[in-house]
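Beneath this line is the structure, given in structure tokens, with notes to follow.
The values are calculated or read from the model by the stated rules, or taken from the named source; none is laboratory data. These numbers were taken from a predicted model, which means no experiment stands behind them. All Cβ positions, glycine included, derive from the backbone under ideal geometry; neighbour counts span all protein chains shown.
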Amino acid sequence: MSKPLFRRFSGNSQGHWDSQDSQMKDKTEKEDIHINRSPSDHGYLSLKFPPRLLFTDSNSSSNFGVNENGFTADSSIRNKQKAPLLLLRISLVVIVVLAISGSFWWTISITASSRGHIYHSYRRLQEQLVSDLWDIGELSLGPSKLKELEFCDEESENFVPCYNVSESFVSGYTEGDEYERHCNYGSRQHCLVSPPINYKIPLRWPTGRDVIWLGNVKITAQEVLSSGSLSKRMMMLDEEQISFRSASLMFDGIEDYSHQIAEMIGLRNESSFLQAGVRTILDIGCGYGSFGAHLFSKHLLTMCIANYEASGSQVQLTLERGLPAMIGSLTTKQLPYPALSYDMVHCARCGVDWERKDGLFLLEADRVLKPGGYFVWTSPLTSSRSKENQKKWNLVQDLALHLCWELLSQQDETVVWKKTIKRGCYFSRKPGSTPPVCSKRNDAESSYYRPLQNCIGGTHSPLWIAIEDRPTWPSRAKLNAKELHLHGLHSEELAEDSANWNSVVRNYWSLLSPAIFSDHPKRPGDEDPTPPFNMLRNVLDMNARFGGFNSALLEAGKSVWVMNVVPTSGPNYLPLIMGRGFIGVLHDWCEGFPTYPRTYDMVHADGLLTLETRQHHRCSMLDIFVEIDRLLRPEGWVILRDAAALIESARALTAQLKWDARAMEIESNNEQRLLVCQKPLIKRQPK
């Protein structure tokens with residue numbers, strides 16, 4: 001980084017230490033006091049303060065007339081000081097007695113409010129102690145731990161923790177479970193995932209949404225040209241680029257396809273989805289994200305999920321386009337989303353056999369679908385004349401009927417169902433009807449990779465609200481008092497949170513422009529960019545709380561989408577976030593995030609380090625930072641906002657990650673600091 005980004009930089013400065021040295025030297029000469037300690041006495045503090053502040057010069061004893069044992073050689077001077085010393089001792093005893101007596105009466109007179117203040121101060125001291133213990137744990141491995149981390153081997157360029165199909169096979173996972181997450185805490189690697197040799201910085205939006213660099217992803221020409229899902233076919237391979245030209249006459253038009261779905265629902269076109277209550281869409285087996293790319297321009301958010309793929313990954317290419325996506329599969333575990341999360345579930349030749357396992361996968365789709373939401377399925381199975389396919393199609397129709405879905409329309413290979421808005425439908429079925437309704441005890445509001453359940457979920461949720469009864473977007477982002485009450489919040493709390501984040505985002509913009517958020521940024525030699533001008537396409541918010549950062553970015557008119565992550569170690573407000581029309585996911589930050597390397601332009605975390613220090617640590621701060629580095633694109637940014645002591649610890653780790661880092665004081669909060677980092681583009685040298 002060529003120049004400081006902040007007005008108040010707290011990094012090391014030689015001039016700063018020299019001035020302090022001079023002041024300390026003057027002070028010691030005036031006071032005629034000498035402190036002589038060995039380096040071992042200082043321990044951890046020696047890492048935080050310059051040596052000149054902890055140790056005197058080796059020759060200073062002669063200046064003060066002190067021998068090597070620390071006593072003066074003149075005994076007569078010592079005898080003359082006996083009387084004043086005795087008087088001083090007596091005075092100290094009197095002071096101690098008075099202090100104890102005063103503290104006793106003070107303790108009795110403490111008011112309730114004073115006790116609260118003391119408890120708050122105690123909590124702060126406790127949190128500081130935990131922070132210090134974490135720091136000690138980070139430094140316990142000695143000086144070698146502070147060295148820069150090495151790069152991982154070339155085979156790890158697309159490494160995704162918790163997804164190792166071959167290792168899962170060896171462990172005995174079969175029948176699709178080998179594609180699920182299997183996190184082994186002992187298999188963490190403390191090395192940096194390097195970009196491919198031919199990696200290039202992605203093109204800025206909107207160009208980068210339709211054109212990506214071939215060298216940035218792992219895919220073969222055969223995989224590009226092979227058939228697959230509907231939107232997989234909407235690609236063209238150039239020499240160094242992959243183009244997604246959905247309007248080309250050579251391919252099926254995604255615009256015509258989305259227009260067809262809108263008409264089947266009873267709408268004029270896809271621009272009317274918002275008026276029908278559709279804002280968020282779960283796209284299962286999304287191809288390479290062309291369906292979501294088209295709807296993004298209509299202010300619809302489409303979350304792509306697909307299985308882990310070592311090469312030709314749907315998720316990797318979709319994220320490389322800057323579109324929402326994450327690794328997720330319907331095999332044995334529930335998706336990490338709350339019940340009643342999405343307004344539409346879409347599957348266009350997604351490869352899921354919905355009729356298998358007594359409709360277990362269809363039950364999961366129903367669980368995450370909001371009341372009144374739409375299930376859209378495009379498959380040759382729906383119009384096949386084969387007896388076997390017709391049997392499968394009939395099974396799916398029967399399952400949909402038992403789930404109280406209404407068949408709205410069928411055209412060619414595409415079918416659209418609408419989920420019931422009446423909970424009574426499930427209880428009016430014949431006794432013994434399958435699948436059963438989940439018991440209230442098993443009907444968890446949020447799931448974190450729980451086993452799939454063979455029952456209808458979400459029916460006991462207080463958030464059972466039909467999509468047509470919710471405010472339309474963008475009013476939906478501001479939940480009304482009734483909905484907030486369902487989440488245990490008051491309108492004032494959300495309003496205060498929103499005002500705070502609006503102020504924070506304004507400060508981010510003013511402090512970090514033009515490096516990140518300029519209204520008209522460009523690199524030297526670049527042509528003037530076309531709108532939108534901001535250099536960010538996506539943001540990973542590691543501790544989203546109410547989704548306030550996401551909301552503030554939208555109110556500021558920034559054309560970015562945010563992956564709102566709710567840590568499993570904190571309060572779960574993911575249902576609230578999804579209810580506001582945002583997208584998000586539950587996640588344990590001691591595990592690998594379900595995405596490929598180099599997929600986010602910015603990683604943001606407010607209070608995450610404080611949250612994690614309050615837990616019983618299964619991972620270190622370095623583990624979390626190595627994972628952030630894996631997720632971040634080269635030239636991407638990290639913004640951490642947290643307690644000052646934790647920020648100082650975090651800044652020490654940034655050198656190991658080869659990041660450029662700056663720490664800054666927050667004028668409105670003396671207890672917190674801001675740490676802004678940028679990951680440089682460092683390519684592996686060809687052999």
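Quick one: in the stretch 308-317, of everything that is more than 20 Å from the chain's Cα centre (by Cα) and not in a helix (DSSP H, G or I), which residue is nearest to residue 539 (Cα to Cα)?
Quick first cut of the stretch 308-317, residues more than 20 Å from the chain's Cα centre (by Cα) only: 309-314.
If we keep only those that are not in a helix (DSSP H, G or I) as well, we get 309-313.
Numbers: 309: 23, 310: 24, 311: 25, 312: 24, 313: 21 Å.
Residue satisfying both the conditions and the ranking: 313.
In the stretch 538-553, what count of residues is obtained for those that are more than 15 Å from residue 639 (Cα to Cα) and among the aliphatic types (A, V, I, L, M)?
First, the residues of the stretch 538-553 that are more than 15 Å from residue 639 (Cα to Cα): 545-548, 551-552.
Checking the rest, the ones that are also among the aliphatic types (A, V, I, L, M) come to 552.
Selection size over the stretch 538-553: 1.
Hey, does the stretch 307-321 have a residue that's buried (at least 24 other Cβ atoms within 10 Å of the Cβ), of a type in the set (Val, Ile, Thr) and closer than 23 Å to residue 220 by Cβ?
yes
In the stretch 622-652, which residues are over 17 Å from residue 159 (Cβ atoms) and β-branched (Val, Ile, Thr)?
638, 639, 647
Residues being buried (at least 16 other Cβ atoms within 10 Å of the Cβ) and either within 14 Å of residue 368 (Cβ to Cβ) or out of contact with any Ser or Thr (no Cβ under 6 Å at 6 or more places or on another chain) (or both): count how many of those fall in the stretch 430-454.
So in the stretch 430-454, the residues buried (at least 16 other Cβ atoms within 10 Å of the Cβ) come out as 435, 437-438, 443-449, 452-453.
Going one step further and asking which of them are either within 14 Å of residue 368 (Cβ to Cβ) or out of contact with any Ser or Thr (no Cβ under 6 Å at 6 or more places or on another chain) (or both), we end up with 435, 438, 443-449, 452-453.
Residues flagged as buried (at least 16 other Cβ atoms within 10 Å of the Cβ) and either within 14 Å of residue 368 (Cβ to Cβ) or out of contact with any Ser or Thr (no Cβ under 6 Å at 6 or more places or on another chain) (or both) within the stretch 430-454 amount to 11.
Conditions first: (1) modelled with pLDDT of 95 or more; (2) in contact with a Leu (Cβ under 8 Å, 6 or more places away or on another chain). Residue 560 passes all but one, so which condition is the exception?
Result: residue 560 fails condition (1) only.
Where residues in the stretch 455-482 are among the aliphatic types (A, V, I, L, M) and not in a helix (DSSP H, G or I), which of them is surrounded by the most Cβ atoms within 10 Å (Cβ to Cβ)?
If we filter the stretch 455-482 for residues that are among the aliphatic types (A, V, I, L, M), which is where we start, we get 456, 463, 465-467, 477, 479, 481.
Imposing the further condition that a residue be not in a helix (DSSP H, G or I) reduces the set to 456, 463, 465-466, 479.
Details: 456: 19, 463: 19, 465: 18, 466: 15, 479: 22.
That would be 479.
Out of the stretch 407-429, which residues are loosely packed, with under 14 Cβ neighbours inside 10 Å and of a type outside the set (Lys, Arg)? Talk me through it step by step, then tell me what you get.
We begin by selecting, within the stretch 407-429, every residue loosely packed, with under 14 Cβ neighbours inside 10 Å; these are 407, 412, 422, 424, 427-428.
Answer for the stretch 407-429, where residues must be loosely packed, with under 14 Cβ neighbours inside 10 Å and of a type outside the set (Lys, Arg): 407, 412, 424, 427, 428.
How about the stretch 653-671: which of its residues are surrounded by 18 or more Cβ atoms within 10 Å (Cβ to Cβ) and farther than 22 Å from residue 152 by Cβ? Even if it seems obvious, please write down each step before you answer.
So in the stretch 653-671, the residues surrounded by 18 or more Cβ atoms within 10 Å (Cβ to Cβ) come out as 653-654, 656-657, 659, 661-664.
Those that are surrounded by 18 or more Cβ atoms within 10 Å (Cβ to Cβ) and farther than 22 Å from residue 152 by Cβ: 662, 663, 664.
Looking at residue 223, is it under 30 Å from residue 195 (Cβ atoms) and either surrounded by 15 or more Cβ atoms within 10 Å (Cβ to Cβ) or at pLDDT 90 or above (or both)? Step through it out loud before you land on a result.
On the way: under 30 Å from residue 195 (Cβ atoms): yes; either surrounded by 15 or more Cβ atoms within 10 Å (Cβ to Cβ) or at pLDDT 90 or above (or both): yes.
Criteria met by residue 223.
Could you list, in sequence order, all residues of the stretch 406-451 that are within 21 Å of residue 465 (Cα to Cα) and among the hydrophobic types (A, V, I, L, M, F, W, C)?
Of everything in the stretch 406-451, those that are within 21 Å of residue 465 (Cα to Cα) and among the hydrophobic types (A, V, I, L, M, F, W, C) turn out to be 407, 408, 416, 417, 421, 425, 427, 437, 438, 444.
Among the listed residues 312, 292, which satisfies the condition of being touching a Pro at 6+ places or on another chain (Cβ under 8 Å) and either closer than 28 Å to residue 598 by Cβ or of a type in the set (Lys, Arg) (or both)? Full working, then the answer.
Working: 312 fails: touching a Pro at 6+ places or on another chain (Cβ under 8 Å).
Exactly one residue qualifies, and that residue is 292.
Of the numbered conditions (1) surrounded by fewer than 24 Cβ atoms within 10 Å (Cβ to Cβ); (2) part of a helix (DSSP H, G or I), residue 609 fails exactly one; give the number of that condition.
(1)
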